[in-house]
Amino acid sequence: MSDVAPEAVGAVSFAPMGEADLEWVAAQDRLLYPFPWSAMNFSDSMSAGYGCWMMFDGAEPVGYAVLMMVIDEAHILNISVVSARQGQGFGRRLLDHLGGVARQAGARQLFLEVRPSNAPALALYARAGFETIGRRKGYYPAADGREDALVMRGRL
């Protein structure tokens with residue numbers, strides 16, 4: 001994964017997610033996903049010691065993510081950019097940040113699940129060098145039942 005920032009992204013910074021961020025993050029998740037995480041899901045992730053991150057463009061929060069470390073592997077549990085700022089390079093910056101955090105913690109691989117119907121995310125992950133290594137049947141809730149997840153791996 002590259003640490004090069006796309007030109008469309010300005011003064012991006014990252015900070016650990018805090019309790020004060022939870023309602024905003026949960027509200028964004030509700031806007032982004034038909035089956036969102038709750039504020040309690042994010043709070044539980046922080047309590048479990050997962051890497052919970054906020055991404056800012058200047059002072060404006062534009063994204064958030066949750067990263068779980070397991071020995072020498074890292075698993076992205078949630079990675080999101082607010083809808084108004086998608087397609088501007090922020091997703092790649094957030095993904096690169098998570099890769100750097102994971103690498104610093106000793107991870108050699110980064111895993112994630114993604115809906116096969118999420119074409120923009122699949123394109124982002126492919127550009128970042130992720131490969132599909134499996135499929136989890138019925139992993140995600142969907143309007144008409146369940147949707148599979150593609151399991152992807154990126155080498156760090």
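The values are calculated or read from the model by the stated rules, or taken from the named source; none is laboratory data. Please read these numbers as outputs of a predicted model, since none were measured by experiment. Every residue, glycine as well, gets a Cβ built from its backbone with ideal geometry; the counts of neighbours run over all protein chains shown.
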(request) Among what's in region 115-141 and is among the aliphatic types (A, V, I, L, M) and without any contact (Cβ under 8 Å) to a residue 12 or more places away in the chain, pick the residue that is farthest from residue 101 (Cα to Cα). (result) 119
(request) Taking only region 98-146 into account, find how many residues are acidic (Asp, Glu) and modelled with pLDDT of 95 or more. (result) 2
(message) Please go through (1) closer than 24 Å to residue 49 by Cα; (2) surrounded by fewer than 17 Cβ atoms within 10 Å (Cβ to Cβ) for residue 129 and return the number of the only condition it doesn't satisfy.
(response) (1)
(message) Go through (1) touching a helix residue (DSSP H, G or I) at 6+ places or on another chain (Cβ under 6 Å); (2) closer than 24 Å to residue 108 by Cα; (3) of a type in the set (Gly, Ala, Ser) for residue 48 and report which single condition fails.
(response) (1)
(message) Given the condition of a type in the set (Phe, Trp, Tyr) and in contact with a Lys or Arg (Cβ under 8 Å, 6 or more places away or on another chain), answer yes or no: does some residue in region 120-134 qualify?
(response) yes
(request) Identify all residues within region 51-98 that are over 9 Å from the mean Cα position of the chain (by Cα), of a type in the set (A, V, I, L, M) and either within 23 Å of residue 41 (Cα to Cα) or assigned to a helix (DSSP H, G or I) (or both); write none if there are none. (result) 54, 55, 62, 68, 69, 70, 71, 74, 82, 84
(message) Out of 87, 49, 100, 58, I need the residue that is surrounded by fewer than 17 Cβ atoms within 10 Å (Cβ to Cβ), closer than 18 Å to residue 119 by Cβ and not β-branched (Val, Ile, Thr). Which one?
(response) 87
(request) Would you point out which residue out of 62, 82 is closer than 21 Å to residue 39 by Cβ, in contact with a Lys or Arg (Cβ under 8 Å, 6 or more places away or on another chain) and hydrophobic (A, V, I, L, M, F, W, C)? (result) 62
(request) Within region 127-154, work out how many residues are of a type in the set (Lys, Arg) and more than 16 Å from the chain's Cα centre (by Cα). (result) 4
(request) Go through 147, 113 for me and flag whichever is in a strand (DSSP E or B) and touching a Ser or Thr at 6+ places or on another chain (Cβ under 8 Å). (result) 147
(request) Check off (1) part of a loop (DSSP other than H, G, I, E, B); (2) under 22 Å from residue 126 (Cβ atoms); (3) in contact with a helix residue (DSSP H, G or I) (Cβ under 7 Å, 6 or more places away or on another chain) for residue 36 and give me the number that stays unchecked. (result) (2)
